[in-house]
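Where a number appears in this text, it was derived from the coordinates with a stated rule and is not lab data. Note that this is a predicted model, so its numbers are computed, not measured. Heads up, the Cβs are rebuilt from the backbone with ideal geometry, glycines too, and the neighbour counts pull from every protein chain shown.
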Amino acid sequence: MRRLIAAGFGVAIIVIAAVLLWPASTAGLVLYAALDYAPAMGKAFTKKTGIPVRVIRLSTGALLARITAEGHHPDWDIGWFDGATAAVSLDQAGLLAHGLRPPVQLTATGRSMLPPDGAYVPTGFTLAGVFVMNKSSTLPPPTTWDDLAAPPYHGVVGMNDPAISGPTYPALAGMLKHAGGWPQGKGFITALKANGLQVFAKNDATLAALRNGTIKLAIVQSSAAVNAANNIDHDLTVIYPRPAYVLPNVIVLPKGLHGRALREAKAFIAFAESPAGQAIRKHEGEGDSYYWPVTARSAPRHALPALTTLDLATLDATRWGAREKSVLAWFAHAIDGAGS
Amino acid sequence: MKFGAAGLRAAIMAGLIATFFVYPLVRLLVMPFLSGHGAAGNWPAFVVSLLLSVGTAIIAAPLGAVFALFTTMAEGPVARAATLTLWGLFLTPSYMLTTGWMIIFSSHALRATLAGQAFFGVGGLLMLYVVKALPFSALVARATLAAADSAPAEAAAIHGVPFILRVRIGLRLLAPSIAVGFAIAVIETMQEFGIPATLGVTSHVPILTYAIYQHLAETPTDFAGASILCWRLIAVAAVFGGLAMACRRQGAAIQHGRMRPPARQRPTLRRELAFAALTGLFALVGIVIPVVALFVRALQPLAASMPHAGAVLRSLGFGMVGATMSLGVAVLILRLRAAGARRMIAVLDVALVANMAVPGLVLGAGYIVAFNNDFLPLYGSRLLLLIGYTAGMAPLALRMMQGALDDLDPNLVAAARLHGLPRLTRLVDIEGMLLIRPFTYAYLLVAAAIMFELPVSELLYPPGATPLGVAIVTLDQMSDYAASARLALFGLAAMAGLALVLAAGVTLLAAPRRLRPA
């Protein structure tokens, strides 16, 4: 009996270890994705082409850090996330393949996002920072970034921490650019801090702070804002600032990808841009489905305003990508207070 | 031949330690020298962490000594409750404790109060640090007091020494253990990661361990910068570890056969009530209030489907396999020690002491640097995560199994061999039965520690296989407290289930066989 129980325990441990350590199939593509429609896209792509796709969902910050840590021994075949500046940072570290073909029938906004070396492919865009308020709020709705430094907004504005929330760096870069660039724009951010700017970890935390009354105005990514206002709390309203900074979602491939894996990855990019792929992204996703396409072959979801009503601005991804480290270090030290 | 086999096993073990402990640490720590990375910046996190750690230790060390004194000298329900409270505080994962308190202060009304503002600042960090440091200080002081002799107290009673003088003498005797408790509290607080990863992020107080994590796992990554911070963390551990060792030597007690430990006595009612209040305060702050908050929030509906639902079973599996590996390594090392491969044992002992001084965060950082190459491309695999857990927990497993294995009389096994009992019978029916209870106790403790482990998990988890601790902290950062509370409670329930199953297994295994009729 004793030996039976001891043997049973041993077998159980071996089985658990085998299940935990069983190697994943190497066939097909490994997709690191920070966009919530990626699993549905992976399934649809497999259904259409027969190529298996293992989708690994990560937050944008974790995804970028993971790609950086893996360095020149990547375990991924495709990366899909928000932020051309982040893609430029990865490219400058020598981690990305070049020469990716841009989608066909690009819109003018889409064309403005193309990198010179084909290091990434824009697949759509959201806005890096929009304002979210309660409809019942007595706070005057701001229209420009400059308004936020005014006395009515003292202590009631919150934003994400750009060190934790990947898509927030472009929003910060946009604010800096609007205020004169880097380093001139520091003064504006410091003025916001002096006016009581609060910093939370990510979109969800900032929106939670808005809903529980800790703040009265949240600066978050447009997809999270529209999703919250349409599906979570109908008392919320989204205000599009002037200007609103474009945040492309991009696909990147690792340097050194070749042969069949490269062909399959390029087939996936083409599928992501196809009308069928865009339909899946818009209908199977949650917050990330609220994006504007960059090709003329597809239209955005109805909850999004027409682009002609917005004052759009783009960031020079190469320039702001190169500055990311110093800007984030300064923000962590001077604004967040948790800087190390 | 016997020595040769033991020597070979020791050499293999030393090789494993060199590969999975020394090599990654060296790779990490030489980075600043190779990259020429300047160490000018990054001081605020170090200074704040050191001040908080010293502040915590100033509060926790005397309190720990009081707890140690009471639980060693007193008898009765309050003393037993105090011991249980200390173990409860020791075992509660720090991020779970913090999550409970953050749930309480997540309402705007409470957050806006003075208490809320204090909680989301240095005050909250200090409170939680003290709660987590108390058991370390108390358990270390208890170990010192356990070696005390009753002779001084008896002599004082016989000679009618006044109370004040007795207290002064007692304090002088207790001083070394308070000092050791202080040093341990500083080291533990300095190396704490769960509290900074939850409350530290929200309150924007710069903390060294989280700064290291930020350098490694957030963009832009900076491994050389992380290495510099690791040097500072290790330097503090070395300084205060040295202090602790010096204090231990200062307070060394002479152990002899006629020594008698002081008899436990029922304290006066006034003292018992005072201590009951102190115990109740720590039990409330460190266990009851956070757990109740988790329960209440877990009952609230979720915004969407349960995220990271697979994390509980996955981490339970990691805990079970990791505990088996850790205890296996521990038993092997203890066997080698018994076999007497002296030089290798000295190497192993140094490595084990060093391993205990190196926090999991530093070890995990070393693994990222060391195992992402063409020769050992283990980074991003579940195997490396398991190895990381094992390397981190083996010293704990070794300490827990050491006493039990030392008590095992080698003559017993020799007698069994002389009587011709097969190896399996000796192993299962004799050694196994004698070790089953301490082994189960150690197994459960190590499995729980791995299941709720955070720093190594954060740095080494493979994409798509989020461990429980990472899932809970991620949900905390998204303010999704309902989901994080559910995950935490499911995790505790799963661990309780494992404990019940193992307890039932031990009962069945250790039950005496029925006597057969002659």
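In a DSSP loop and with at most 10 other Cβ atoms within 10 Å, there are no trypsin sites (Lys or Arg not before Pro) in the stretch A:249-340. Working note: Cα gyration tensor of the stretch A:1-146, eigenvalues times five, square-rooted, sorted largest first, giving semi-axes of 41, 24, 16 Å. Legend: mean number of C-beta atoms from other chains within 10 angstrom of residue C-beta atoms, peptide A:196-202, equals 3. Distance between the pseudo-spin-label points of B:L50 and A:K135 (7 Å out from Cα toward the beta carbon): 5.6 nm.
With one equal scatterer per alpha carbon and no solvent term, the Debye-computed log10 I(q)/I(0) for the stretch B:42-88 at 0.17, 0.21, 0.28 1/Å reads -0.59, -0.71, -0.94. Modelled this way, with points 7 Å down the Cα-to-C-beta line, the labels at B:Y441 and B:S107 are 4.2 nm from one another. Can you bin chain B into rounded, prolate or oblate? Criterion: square roots of the alpha carbon gyration tensor eigenvalues sorted a ≥ b ≥ c, rounded for a/c under 1.5, prolate for a/b above b/c, oblate for the rest. Rounded, since a/c falls under 1.5. Counting Cβ atoms of other protein chains within 10 Å of each Cβ in A:62-75 and taking the mean gives 6. The angle between the Cα long axis of helix A:60-70 and the main principal axis of chain A comes to about 50°, on a 0 to 90 degree scale.
Is it possible to state the helix-based mean residue ellipticity at 222 nm for the protein assembly as shown, with each DSSP H run of 4+ residues giving -39500 (n - 2.57), the sum divided by total residues, to the nearest 500 deg cm²/dmol? What is it?
-19000 deg cm²/dmol
Say a paramagnetic label sat at a point 7 Å from the Cα of A:R319, along Cα to Cβ; which residues of the stretch A:134-177 have their backbone N under 17 Å from it? Residues A:170-177 fall inside that zone. Hull volume per residue, based on the alpha-carbon atoms of the protein assembly as shown and their convex hull, is 200 Å³. Within the stretch A:1-84, the ratio Rg/Rh, alpha carbon atoms throughout and Rh by Kirkwood, equals 1.20.
Peptide B:103-109 is shielded by partner chain Cβ atoms: per residue, an average of 2 of them sit within 10 Å of its Cβ.
Taking the Cα centre of the protein assembly as shown as origin and assigning +1 to Lys and Arg Cβ atoms and -1 to Asp and Glu Cβ atoms, the resulting dipole is close to 2320 debye.
Note on the stretch B:383-518: semi-axes of the ellipsoid equivalent to its C-alpha gyration tensor, largest first and rounded to whole Å, are 40, 18, 11.
Relative to the longest principal axis of the Cα atoms of chain A, helix A:259-273 runs at roughly 40 degrees. Between 0 and 90 degrees, the angle of helix A:317-331 with respect to the longest Cα principal axis of chain A falls at about 80 degrees. Panel values: the stretch A:161-269, Kirkwood radius from alpha carbon pairs, Stokes-Einstein at 20 °C and 1.002 mPa s, translational diffusion coefficient 131 µm²/s. The charge dipole of the stretch A:47-95, taken about the Cα centre with unit charges on the Cβ atoms of Lys, Arg (+1) and Asp, Glu (-1), comes to about 320 debye, rounded to the nearest 20. Projecting the Cα positions of B:G55, B:S107, B:A5 onto the charge dipole of the stretch B:1-144 (unit charges on Cβ atoms of Lys, Arg, Asp and Glu, taken about the Cα centre) puts B:A5 furthest along the positive direction. Below 16 Å, Cα to Cα, which aspartates and glutamates can B:K132 reach? Residues fewer than 8 away in the same chain don't count. Excluding near neighbours in sequence, the set is B:E188, B:E192, B:E453. Each of B:A504, B:I450, B:T440 was scored by the projection of its Cα onto the charge dipole of the stretch B:438-518, and the greatest displacement toward the positive side belongs to B:A504; charges sit on the C-beta of Lys, Arg, Asp and Glu.
Based on DSSP loop calls and a cut-off of at most 13 other Cβ atoms within 10 Å, the longest stretch of chain B free of exposed trypsin sites (Lys or Arg not before Pro) is what?
Longest gap between qualifying sites, sites excluded: B:1-257.
Only one residue of A:T309, A:I215, A:L236 has its Cα farthest out toward the positive end of the dipole of the stretch A:208-340, where Lys and Arg carry +1 and Asp and Glu -1 on Cβ, and that residue is A:T309. Beyond 13 Å, how much of the Cα-Cα pair distribution for the stretch A:275-317 remains, as a whole percent? Within the stretch A:275-317, distances greater than 13 Å cover 60 percent of Cα pairs. A crude spin-label estimate for the pair B:W231 and B:A118, with each label 7 Å from Cα along the Cβ direction, gives 3.9 nm.
Could you tell me whether the stretch B:8-88 comes out rounded, prolate or oblate from its Cα gyration tensor? Rule is a ≥ b ≥ c as square roots of the eigenvalues, rounded for a/c under 1.5, then prolate if a/b exceeds b/c, otherwise oblate. Oblate, since a/c reaches 1.5 and b/c is not below a/b.
From the Cα gyration tensor of chain A, with a ≥ b ≥ c the square roots of its eigenvalues, which class applies: rounded if a/c is under 1.5, or else prolate if a/b is larger than b/c, or else oblate? Taking the square roots of the gyration eigenvalues as a ≥ b ≥ c, chain A is prolate.
Here is what passes the span test in chain B: the DSSP H helices with alpha carbon length of 18 Å or more along the helix axis and a Kyte-Doolittle mean of 1.0 or above are B:2-17, B:43-73, B:77-91, B:122-146, B:163-191, B:223-250, B:311-339, B:342-357, B:433-451, B:481-510.
For A:R54, the residues 5 or more places off, or on other chains, whose built amide H falls under 5 Å of its own are A:L29, A:V30, A:L31.
Counting only Cβ charges, +1 for Lys and Arg and -1 for Asp and Glu, the dipole size of the stretch A:137-223 around its Cα centre is about 60 debye.
Provide the percentage of antiparallel DSSP beta bridges, counting only those with both residues in the protein assembly as shown; round to the nearest 5.
55 percent
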